[in-house]
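Contents: one structure, followed by commentary.
The values are calculated or read from the model by the stated rules, or taken from the named source; none is laboratory data. Note that the structure is predicted; figures quoted are calculated from it, not measured. A quick note on method: Cβ atoms are made from the backbone with ideal geometry, for glycine too, and the neighbour counts reach across all protein chains shown. Note: accessible area is taken over every heavy atom of the protein model, side chains too, but ligands, DNA and RNA are not part of it. Shrake-Rupley method; radii C 1.70, N 1.55, O 1.52, S 1.80 Å.
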Amino acid sequence: MTPDDDPLPLTQPVMRDPFARLRAATPARIGLGQTGDGLLTAPMLDFQLAHARARDAVHARADFGTLAQALAPREIIEVESAAGDRVTYLQRPDLGRRLSEESRPNLRHGPYDVALVIGDGLSARAVDAQAVDVVEAILARLSPRLSLAPIVLARQARVALGDEIGDALGARLVAMLIGERPGLSVADSLGIYLTFDPKPGRRDSERNCISNIHGNGGLTAAAAAEKLVWLIEEALRLQLTGIELKDDQDTTVLIGGGS
Amino acid sequence: MPQFHTTLGSTRYTFASLGELLARASPHRSGDQLAGVAASSAEQRVAARYALADLPLKTFLSDALIPYETDEVTRLIVDTHDLRAFQPVAHLTVGAFRDWLLSDAATGPVLAALAPGLTPEMVAAVSKLMRNQDLIAVARKIRVEVAFRNSLGQAGVLASRLQPNHPVDDLAGIVAATLDGLLMGAGDAVIGVNPATDNVPNTLRLLDVLEDLRVRLDIPTQTCVLTHVTNTLEIIRRGGPVDLVFQSIAGTEAANRGFGVNLAVLTEAREAALSLKRGTIGTNVMYFETGQGSALSADAHHGLDQQTVEARAYAVARHFKPLLINTVVGFIGPEYLYNGKEIIRAGLEDHVCGKLLGLPMGVDVCYTNHAEADQDDMDTLAMLLGVAGATFLIGVPGADDTMLNYQSLSFHDILAVRTALGLQPAPEFARWLAGQGVSDTEGRVRALTNSGAMERLIGSGASRHDA
């Protein structure tokens with residue numbers, strides 16, 4: 001059909017989107033349009049979907065059974081924090097930083113250089129989606145000289161729970177892989193916190209952090225493992241982690257945040 | 001140490017200190033549980049309120065919650081207390097003070113004259129005896145007018161901070177979000193960016209782009225990059241375009257130390273900003289943010305409840321005559337304010353306490369994804385704050401801050417509050433909106449359905465920072 005054949009010539013001007021060239025510059029929700037003062041239905045539901053995913057990520061239960069199977073035949077130890085349940089966990093960060101009475105006997109001292117802990121943190125979805133890939137990527141790069149503790153799966157965990165776990169295992173370093181607080185754009189982001197000479201009472205400034213490990217434009221498992229292994233070598237060489245461990249690899253250092 | 005007590009039926013409740021009495025009387029919130037200062041039962045909470053209601057207001061002048069000798073915020077509160085202004089209520093108990101505040105005798109001008117006579121502990125105490133309805137009824141009597149490049153705080157005005165944050169401080173992205181907000185009628189309180197990278201060169205870069213946009217579009221408002229006060233001081237030395245000095249503050253010396261500030265550096269920064277003489281119609285040059293729980297999270301709360309410590313932050317703020325101050329009420333997370341109910345209550349408390357102390361109080365109505373809250377709760381709080389006469393609210397595109405990863409209000413939400421309650425933007429800004437065709441002849445912001453206004457503003461605004 002040529003324009004001449006068109007029985008209904010356009011009488012309305014074509015509505016161009018003046019925001020088109022602005023949208024590329026920001027992930028912010030700009031140019032949403034309006035009806036009266038309100039949001040149109042589609043962007044309103046888009047927001048609700050993003051929030052729903054973030055909420056589900058916070059409240060889901062990490063699937064440690066599948067995780068343990070995927071990591072087999074490596075030795076796995078499951079523990080939980082003193083928080084007990086999700087509602088308590090969210091209100092009592094102090095309890096999320098301590099092991100439950102039942103969990104403590106599961107951890108035995110050994111001649112370990114590095115302990116890997118996978119904690120659900122604030123996003124079970126992050127653990128379900130990223131943890132296996134990240135652990136495999138770390139193990140593939142870690143020097144065979146280093147002795148690795150059994151992998152610990154920790155429920156209702158805050159970052160600092162790794163201190164008590166690392167202490168109980170007698171590990172020189174603990175790396176806590178933990179679900180980060182979900183945002184609206186990414187609900188399954190994993191973070192890694194590395195602490196030298198872990199023991200209860202370590203401050204956030206004594207850790208190094210690698211954050212934003214996820215599949216939506218974030219750090220890949222391989223890139224995260226690369227950074228972590230570099231940090232592990234440096235930490236063992238310098239006998240410390242934290243703000244004094246300068247990060248030549250442009251890793252984000254510190255920030256305890258909501259975890 | 002003084003003892004406070006009350007007897008309910010056959011049970012005698014005692015409270016070992018004034019701080020303990022205030023904490024036990026405080027409405028339930030997770031942060032006070034976490035701190036171990038909350039009432040242990042619902043009945044104990046009400047018992048504390050009975051005891052608090054009988055307490056003479058004067059007690060707060062002699063019983064410092066944090067010692068004068070060890071805390072400069074206490075010294076500021078005590079040393080600047082205006083005994084003459086306090087006289088009209090000096091004979092009242094906390095309970096009688098509540099009754100008086102709600103009475104017809106307590107008019108706006110009377111409350112404005114009273115403000116220098118009130119301490120933060122007095123207003124925190126009386127707020128604990130108030131229901132949400134009371135928090136609103138008292139707050140709405142009080143207007144605190146301030147000015148810089150426009151005027152804020154008048155009856156019938158609800159201003160807005162336009163918060164155009166970007167995850168990596170991309171200049172074109174920040175301009176894009178700013179234009180989005182301007183087209184939605186936001187930005188009269190301030191166009192204020194939280195930098196993703198908080199250092200001097202980056203802040204200067206952001207300030208320059210905001211200044212350029214403001215000047216080019218001739219917007220009667222002020223801009224701000226919310227960096228640390230010491231960075232702003234350095235930027236002023238380098239000749240950067242600083243309208244407002246921003247700083248996060250808290251209610252104890254130790255918590256402020258955690259923020260890397262004290263009263264001396266705030267004084268220095270205010271004088272530096274005043275020396276620039278950039279305000280065209282006023283000299284309020286400070287912008288503060290606060291929030292319940294910040295002192296506890298810095299382990300600097302001295303065993304006090306989080307709402308009382310928060311009110312003490314307002315004593316710091318009022319000393320510096322700010323243009324803007326807001327509580328970032330739900331930002332801190334569910335370990336301090338667990339759910340929508342606690343966030344709504346805290347927002348109303350913070351607002352009325354700031355107003356009673358003479359501040360042009362605003363609120364960032366917000367929550368995080370691990371709090372038991374959603375946009376319905378934000379709608380409720382925003383509307384209640386509109387009724388309560390809040391000076392300004394904060395808006396981000398689509399309510400989603402993609403840099404700080406939390407949810408605030410959208411620009412739409414602020415328009416909805418204005419429309420429902422018949423409120424207007426700051427008068428100078430409202431005229432600019434009309435001149436740009438952003439608002440129509442009835443004052444309604446409908447730029448997104450007016451392609452002419454939209455294309456004109458986007459065309460001129462984005463020209464130098466094309467994506």
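Just to check your reading of the model, which residue among B:Asp63, B:Asp54, B:Asp32 is of a type in the set (Asp, Glu) and open to solvent by 60 Å² or more (accessible area, probe 1.4 Å)? Show your work before the answer.
Working: B:Asp63 fails: open to solvent by 60 Å² or more (accessible area, probe 1.4 Å); B:Asp32 fails: open to solvent by 60 Å² or more (accessible area, probe 1.4 Å).
None of the others qualify; the one that does is B:Asp54.
Within segment A:118-135, can one find any residue that is open to solvent by less than 30 Å² (accessible area, probe 1.4 Å), assigned to a loop (DSSP other than H, G, I, E, B), of a type outside the set (S, T, N, Q) and away from chain B (no Cβ under 14 Å)?
no
So which residues in segment A:86-117 are in a loop (DSSP other than H, G, I, E, B) and open to solvent by 40 Å² or more (accessible area, probe 1.4 Å), if there are any at all?
A:Arg92, A:Arg97, A:Arg98, A:Glu101, A:Glu102, A:Arg108, A:His109, A:Pro111, A:Tyr112
Taking the condition within 20 Å of A:Trp230 (Cβ to Cβ) and open to solvent by 10 Å² or more (accessible area, probe 1.4 Å), does A:Glu164 pass? Let's see the steps before the verdict.
Values: within 20 Å of A:Trp230 (Cβ to Cβ): no; open to solvent by 10 Å² or more (accessible area, probe 1.4 Å): yes.
Answer is no for this residue.
Specify which of the listed residues (B:Asp350, B:Asp377) is acidic (Asp, Glu) and closer than 16 Å to B:Leu118 by Cβ. Let's see the steps before the verdict.
Numbers: B:Asp377 fails: closer than 16 Å to B:Leu118 by Cβ.
The unique qualifying residue is B:Asp350.
Kindly indicate the residue of segment A:18-30 that is part of a loop (DSSP other than H, G, I, E, B) and more than 17 Å from B:Ile414 (Cβ to Cβ) and also farthest from the other protein chains (Cβ to nearest Cβ) among those meeting that condition.
Here the residue is A:Phe19.
Is it true that B:Asp180 is within 14 Å of another protein chain (Cβ to nearest Cβ), of a type in the set (Asp, Glu) and touching a residue at least 12 places away in the same chain (Cβ under 8 Å)? Before you say what the answer is, go through the steps one by one.
Details: within 14 Å of another protein chain (Cβ to nearest Cβ): yes; of a type in the set (Asp, Glu): yes; touching a residue at least 12 places away in the same chain (Cβ under 8 Å): yes.
So B:Asp180 passes the test.
So for segment B:138-152 (the condition being more than 14 Å from every other protein chain (Cβ to nearest Cβ) and part of a helix (DSSP H, G or I)), does at least one residue qualify? Show your work before the answer.
Applying the first criterion (more than 14 Å from every other protein chain (Cβ to nearest Cβ)) to segment B:138-152 yields B:138-152.
Imposing the further condition that a residue be part of a helix (DSSP H, G or I) reduces the set to B:138-139.
Within segment B:138-152 (the criterion being more than 14 Å from every other protein chain (Cβ to nearest Cβ) and part of a helix (DSSP H, G or I)), the answer is yes, since at least one residue qualifies.
Spot the failing condition for B:Ala371; the list is (1) within 12 Å of another protein chain (Cβ to nearest Cβ); (2) farther than 16 Å from B:Val328 by Cα; (3) of a type outside the set (Lys, Arg); (4) surrounded by 20 or more Cβ atoms within 10 Å (Cβ to Cβ), and only one is missed.
With (1) within 12 Å of another protein chain (Cβ to nearest Cβ); (2) farther than 16 Å from B:Val328 by Cα; (3) of a type outside the set (Lys, Arg); (4) surrounded by 20 or more Cβ atoms within 10 Å (Cβ to Cβ) applied to B:Ala371, the lone miss is (2).
Could you say whether any residue in segment A:163-176 is within 30 Å of A:Ala28 (Cα to Cα) and either at pLDDT 95 or above or under 14 Å from the mean Cα position of the chain (by Cα) (or both)?
no
Only one of A:Ala83, A:Ala70 is open to solvent by less than 10 Å² (accessible area, probe 1.4 Å) and closer than 30 Å to A:Val135 by Cβ; which? Give the steps one after another, and end with the answer.
Working: A:Ala70 fails: open to solvent by less than 10 Å² (accessible area, probe 1.4 Å).
Residue meeting the stated conditions: A:Ala83.
Can you pull out the residues in segment B:275-297 that are over 17 Å from the mean Cα position of the chain (by Cα) and either more than 15 Å from B:His319 (Cα to Cα) or basic (Lys, Arg) (or both)? Don't jump to the end; show me each part of the working.
Keep residues of segment B:275-297 that are over 17 Å from the mean Cα position of the chain (by Cα), which gives B:275-283, B:296-297.
Residues satisfying the conditions are B:Ser275, B:Leu276, B:Lys277, B:Arg278, B:Gly279, B:Thr280, B:Ile281, B:Gly282, B:Leu296, B:Ser297.
Looking at (1) within 19 Å of B:Val328 (Cβ to Cβ); (2) modelled with pLDDT of 95 or more; (3) in the same structural domain as B:Tyr287 (by TED's automatic domain parsing), which is the one condition that is false for B:Asp198?
Of (1) within 19 Å of B:Val328 (Cβ to Cβ); (2) modelled with pLDDT of 95 or more; (3) in the same structural domain as B:Tyr287 (by TED's automatic domain parsing), only one is false for B:Asp198: (2).
Scanning segment A:173-215 for residues that are in contact with a strand residue (DSSP E or B) (Cβ under 7 Å, 6 or more places away or on another chain) and not in a strand (DSSP E or B), which turns out surrounded by the fewest Cβ atoms within 10 Å (Cβ to Cβ)? Walk me through how you get there before you give the answer.
First, the residues of segment A:173-215 that are in contact with a strand residue (DSSP E or B) (Cβ under 7 Å, 6 or more places away or on another chain): A:173-180, A:184, A:189-196, A:198, A:202, A:206-214.
Those left that are additionally not in a strand (DSSP E or B): A:180, A:184, A:189, A:198, A:202, A:206, A:214.
Numbers: A:Glu180: 26, A:Leu184: 23, A:Ser189: 28, A:Pro198: 28, A:Arg202: 23, A:Glu206: 19, A:His214: 24.
The selected residue is A:Glu206.
Taking segment A:77-96, which residues are within 13 Å of chain B (Cβ to nearest Cβ) and of a type in the set (Asp, Glu)?
From segment A:77-96, those within 13 Å of chain B (Cβ to nearest Cβ) are A:83, A:86-96; that's our starting set.
Residue satisfying the conditions is A:Asp94 alone.
For the list (1) touching a Cys at 6+ places or on another chain (Cβ under 8 Å); (2) over 21 Å from B:Asn284 (Cα atoms), I need the number of the one condition that B:Ala196 fails.
So B:Ala196 meets the others, but not (1).
Quick check on my filter: what residues within segment B:407-443 are outside any helix (DSSP H, G or I) and at the interface with chain A (Cβ under 8 Å from one of its Cβ atoms)? Don't jump to the end; show me each part of the working.
The initial filter retains those residues of segment B:407-443 that are outside any helix (DSSP H, G or I), namely B:407-410, B:422-426, B:436-443.
Once the filter is applied, which keeps residues that are outside any helix (DSSP H, G or I) and at the interface with chain A (Cβ under 8 Å from one of its Cβ atoms), segment B:407-443 yields B:Gln407, B:Ser410.
Residue-wise test of (1) open to solvent by 10 Å² or more (accessible area, probe 1.4 Å); (2) in a loop (DSSP other than H, G, I, E, B); (3) in contact with a Phe, Trp or Tyr (Cβ under 9 Å, 6 or more places away or on another chain).
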| position | (1), (2), (3) |
| --- | --- |
| B:Thr308 | no, no, no |
| B:Ala311 | no, no, no |
| B:Leu348 | no, no, no |
| B:Val387 | yes, no, no |
| B:Met403 | yes, yes, no |
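Would you check which residues across segment A:31-76 are more than 18 Å from the chain's Cα centre (by Cα), at the interface with chain B (Cβ under 7 Å from one of its Cβ atoms) and not in a loop (DSSP other than H, G, I, E, B) and list them?
A:Gly38, A:Pro43, A:Phe47
Spot the failing condition for B:Gly398; the list is (1) in contact (Cβ under 8 Å) with a residue 60 or more places away in the chain; (2) open to solvent by less than 40 Å² (accessible area, probe 1.4 Å), and only one is missed.
That leaves (1) as the condition not met.
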